[in-house]
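Undergrad: Structure provided below as C-alpha cells; questions to follow.
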Amino acid sequence: MSHEALLYDPLPNRKVRCNVCQRRCLIAEGRLGWCQTRQNLEGKLYSLIYGRIASLAVSPIEKKPLFHFFPGSRWLSLGSLGCNFRCPGCQNWELAHCTASAELRAERIEETQTIPPDELVRLAKQHRCLGISWTYNEPTLWFEYTLDGAKLAKADGLYTNYVTNGYMSPEALDMIGPHLDTFRVDVKGLTDSFHQQITHISDFRGILDVTQRAKTRWGMWVEIITNIIPGFNDDEPQLRQIASWIRKELGEDTPWHVTRFMPHLDLSRLPPTPISTLEKARQIGLESGLQYVYLGNVPGHEGENTTCPKCKALLIRRDGFSVSEMKIAEGKCPVCAKNIDGRFQDM
C-alpha cells in the first residue's frame with residue numbers, strides 16, 4: 001500500500017530529499033531511501049509500509065521498557081518493516097533489516113497484514129489496553145501511519161508511545177509531538193567510533209537533541225535505554241558520560257535502563273554482558289545523581305525494582321515483565337511521602 005510521504009522536498013530532475021529522519025536521503029526517481037521503505041515514484045516520495053503490520057501483540061508496558069508510566073498496564077504493540085540503522089546485534093533483524101533483493105522485499109511486505117489506523121483504536125479498546133505502542137522496528141519510518149494512529153488514539157482517550165532509536169528529524173518530532181505521550185529512546189553510546197561500528201551514522205548528537213526536545217518542548221515522558229555490549233560501550237568513561245548527560249539534559253528523575261546484551265546475529269561471537277558490568281553501570285548512574293537506574297534482561301534481579309530515592313523503601317516489585325507489588329499511592333512513597341516521578345495508578 002503506497003502512501004505519499006509527508007516530509008520530503010521535491011528537487012530538480014525528479015529527485016527528492018526525504019526529511020523524516022536525520023539521514024535526509026537524496027533519492028533519485030525509482031530508487032529507495034537508505035531504509036528501503038520509501039520510494040521516489042515520478043518525483044514524489046511514497047511510503048511502502050503504510051498500514052503494513054509485521055508484528056502485533058498485547059504486551060505489558062514493562063516490555064518497552066517503560067517503568068514509570070502506568071506500571072503493569074497493557075498496550076497494543078505493533079511494528080512493521082525496516083530501520084534507519086543496521087545494528088549488527090539486532091534481535092529484531094528479520095523485521096528491521098528488510099533490505100534484501102527487491103523481490104524478497106516485496107514478498108516480505110506482502111506477508112504483512114494491513115490494518116487501518118482506526119482499527120488500531122478498536123483493537124486497543126477491545127483488549128483493554130491503556131495505549132498504543134509503535135515498536136519492534138523503528139517507528140519513524142512508519143511516520144505517516146503512526147501520526148494518523150496517534151491522532152485517533154489521543155482523540156479516543158488512549159495513550160501513545162514510540163520505542164525509538166531517536167534518529168528522527170526535528171520536523172518529524174514536532175509534527176507528531178502533540179500526539180505522543182511517551183518516548184522510550186535508545187542512547188546506545190556517546191562516541192563516534194561506537195556509532196560508526198554499530199549504527200553506521202557519522203554523528204549521533206542529533207539523537208540527543210531530539211530526545212531533549214521530546215521532553216522539554218513536547219512534555220513527553222522519556223525513559224532511556226542503553227544495551228551494554230561487551231567491548232563496545234561498557235567502558236566506565238562512556239557510561240559516566242551517558243549518565244551525566246541524562247541528568248544534565250533530561251533531569252535526575254529520568255529512568256535509565258542498562259540492559260544485558262545477548263549474543264545475536266553478527267555479534268554472536270560475543271559473550272552476554274556480565275551481570276557485574278550491569279551492576280557497575282547502575283552504580284555509576286546512581287553516583288551521577290540519577291534517581292532511577294534499572295537493570296534489564298536479568299529477570300529476578302533487585303535492579304528491576306523501584307525504590308524510593310529518599311528512604312529506599314521498596315515501591316514496585318517486578319518479576320520479569322510483571323508487576324507483583326505496587327506500593328505507590330497518589331504518586332507518593334507511602335513511607336516518607338516523597339513524590340515519585342512518572343504516572344501511576346493505584347493497584
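The values are calculated or read from the model by the stated rules, or taken from the named source; none is laboratory data. None of the values given here were measured: they were computed from a predicted structure. Please note: Cβ atoms are built from the backbone with ideal geometry, for glycine as well, and neighbour counts cover all protein chains shown.
Undergrad: If I filter the stretch 295-314 down to residues being assigned to a loop (DSSP other than H, G, I, E, B) and among the small types (Gly, Ala, Ser), which single residue comes out as surrounded by the most Cβ atoms within 10 Å (Cβ to Cβ)?
TA: So, considering only residues that are assigned to a loop (DSSP other than H, G, I, E, B) and among the small types (Gly, Ala, Ser), the one surrounded by the most Cβ atoms within 10 Å (Cβ to Cβ) is 313.
Undergrad: May I pose another question? Could you grab me the full set of residues in the stretch 176-198 that are hydroxyl-bearing (Ser, Thr, Tyr) and either modelled with pLDDT of 95 or more or closer than 23 Å to residue 7 by Cα (or both)?
TA: Within the stretch 176-198, 182 is the sole residue that qualifies.
Undergrad: Does residue 218 qualify as being farther than 17 Å from residue 296 by Cα, at pLDDT 95 or above, in a helix (DSSP H, G or I) and of a type in the set (Phe, Trp, Tyr)?
TA: No; evaluated as a whole, the condition is false for this residue.
Undergrad: Looking at this structure, is residue 14 of a type in the set (D, E, K, R) and farther than 26 Å from residue 95 by Cβ?
TA: Criteria met by residue 14.
Undergrad: Also, I was wondering about something else. (1) within 30 Å of residue 96 (Cα to Cα); (2) surrounded by 13 or more Cβ atoms within 10 Å (Cβ to Cβ); (3) modelled with pLDDT of 95 or more; (4) out of contact with any His (no Cβ under 8 Å at 6 or more places or on another chain): which one isn't true of residue 271, the others all being true?
TA: Just one mismatch for residue 271, condition (2).
Undergrad: Which one is surrounded by the most Cβ atoms within 10 Å (Cβ to Cβ) among residues in the stretch 27-81 that are without any contact (Cβ under 8 Å) to a residue 24 or more places away in the chain and assigned to a strand (DSSP E or B)?
TA: Among them, the one singled out is 27.
Undergrad: Given the structure, is residue 115 under 27 Å from residue 90 (Cα atoms) and touching a helix residue (DSSP H, G or I) at 6+ places or on another chain (Cβ under 9 Å)?
TA: Yes: the conditions hold for residue 115.
Undergrad: Got a sec? Which of 53, 27, 61 is touching a strand residue (DSSP E or B) at 6+ places or on another chain (Cβ under 9 Å) and farther than 22 Å from residue 172 by Cα?
TA: 61
Undergrad: Using beta carbons and a limit of 6 Å, which pairs, at least six apart or on different chains, have the first residue in the stretch 149-167 and under 26 Å from residue 25 (Cβ atoms) and the second one at pLDDT 95 or above and among the basic types (Lys, Arg)?
TA: 163/64; 163/184
Undergrad: If you don't mind, another one. Just the residues that are surrounded by 15 or more Cβ atoms within 10 Å (Cβ to Cβ), assigned to a loop (DSSP other than H, G, I, E, B) and more than 27 Å from the chain's Cα centre (by Cα), please, taken from the stretch 8-24.
TA: 15
Undergrad: Restricting the search to the stretch 186-201, which residues are more than 18 Å from the chain's Cα centre (by Cα) and part of a helix (DSSP H, G or I)?
TA: Listed by number, the residues that qualify are 192, 193, 194, 196, 197.
Undergrad: Could we say that residue 269 is without any contact (Cβ under 8 Å) to a residue 24 or more places away in the chain and either farther than 18 Å from residue 228 by Cα or among the aliphatic types (A, V, I, L, M) (or both) here?
TA: Against the criterion (without any contact (Cβ under 8 Å) to a residue 24 or more places away in the chain and either farther than 18 Å from residue 228 by Cα or among the aliphatic types (A, V, I, L, M) (or both)), residue 269 does not qualify.
Undergrad: Next question. Within the stretch 202-234, track down each residue that is more than 16 Å from the chain's Cα centre (by Cα), surrounded by 15 or more Cβ atoms within 10 Å (Cβ to Cβ) and either on the phi > 0 side of the Ramachandran plot or not β-branched (Val, Ile, Thr) (or both).
TA: Correct list: 218, 230, 232, 233, 234.
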